[in-house]
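J.: One structure follows; several queries about it will come next.
The values are calculated or read from the model by the stated rules, or taken from the named source; none is laboratory data. Note that this is a predicted model, so its numbers are computed, not measured. Note that each Cβ is placed from the backbone with ideal geometry, even for glycine, and that neighbours are counted across all protein chains shown. Accessible surface is based on the protein model in full, side chains and every heavy atom, while ligands, DNA and RNA are left aside. Shrake-Rupley method; radii C 1.70, N 1.55, O 1.52, S 1.80 Å.
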Amino acid sequence: QVQLVESGGGLVQAGGSLRLSCTASGKIFSINTMGWYRQAPGKQRELVATITRGGNTNYADSVKGRFTMSRDDNKNTVYVQMDSLKPEDTAVYYCNARITSCLGCYELRYWGQGTQVTVSS
């Protein structure tokens, strides 16, 4: 079994910063692409950013220049530094990871439970 646990959410004023973390645990052979998604009330879940095993990042246009994603493979952890936060960034943020549990195993996609980010105006 693999678990993803997010942390770092909270309430912040517009213009402020937060850093989210997501740590994977359990039977892990390799962690491939990891990502952050978010879902605001009444809206569909949307991609925020992804990072490949090699460290290549991709960001949604709405967060480019404000969010920075990184990973520490020694800790099985991915981060997103969120700066210049706006009220429209308010959402539940979910971590996602593509993980193989053994050599030759299929890659499976896992989700965290989500962490609330609220940006007040």
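J.: If a paramagnetic tag sat 7 Å from the Cα of ARG53 along the Cα-Cβ line, which residues of the range 2-37 would have the backbone N under 16 Å from that point?
T.: 28-35
J.: In the range 64-113, which chymotrypsin sites (Phe, Trp or Tyr not before Pro) fall in coil by DSSP and have 11 or fewer other Cβ atoms within 10 Å? Could you put the intermediate results ahead of the total?
T.: Details: sites: PHE67, TYR79, TYR93, TYR94, TYR106, TYR110, TRP111; in loops: TYR106.
Sparse-neighbourhood loop chymotrypsin sites (Phe, Trp or Tyr not before Pro): TYR106.
J.: Nearest-5 percent of antiparallel DSSP beta bridges in the chain?
T.: Taking every DSSP beta bridge with both residues in the chain, the antiparallel ones total about 90 percent.
J.: Another question, if that's okay. Which one of TYR37, THR52, LEU20 is farthest out on the positive end of the charge dipole of the range 1-105, using unit charges on Cβ (Lys, Arg +1; Asp, Glu -1) and the Cα centre as origin?
T.: Working it through, the farthest residue towards the positive pole turns out to be THR52.
J.: Charges only on Cβ, +1 for Lys and Arg, -1 for Asp and Glu: so what's the dipole of the range 34-121 about the Cα centre, in debye to the nearest 20? Don't skip to the answer; put the middle values down first.
T.: Numbers: 11 positive and 8 negative charges, 21 e Å.
Here the size comes out at about 100 debye.
J.: Residues of the chain: accessible area per residue at 1.4 Å, in Å²? Write out the running numbers ahead of the final one.
T.: Values: 6510 Å² over 121 residues.
Here the residues of the chain average 54 Å² of exposed surface.
J.: Taking the Cβ-Cβ separation of GLN1 and SER121 as r and a Förster radius of 30 Å, what is the calculated FRET efficiency to the nearest 0.05? Walk me through the intermediate numbers first.
T.: Numbers: r = 41 Å, r/R0 = 1.36.
For GLN1 and SER121, the calculated efficiency is 0.15.
J.: Suppose R0 equals 22 Å. What FRET efficiency, 1/(1 + (r/R0)^6) with r the Cβ-Cβ distance, do ASP73 and GLN113 give to the nearest 0.05?
T.: Working: r = 22 Å, r/R0 = 1.00.
The value I calculate is 0.50.
J.: Suppose every K and R has +1 on its Cβ and every D and E has -1 on its Cβ; what is the size of the dipole of the range 1-78 about the Cα centre, in Debye to the nearest 20?
T.: 40 debye
J.: Continuing with this model, one more query. On the protein heavy atoms, probe 1.4 angstrom, tell me the percent of accessible surface of the range 22-121 carried by carbon and sulfur. Mind dumping the intermediate values first?
T.: Numbers: 2470 of 5290 Å².
Of all accessible area on the range 22-121, carbon and sulfur atoms account for 47 percent.
J.: Non-local amide H neighbours of PHE67 (under 5 Å, H modeled in plane, Pro and chain starts lacking H): which ones?
T.: Those lying under 5 Å, H to H, from PHE67 are ASP83.
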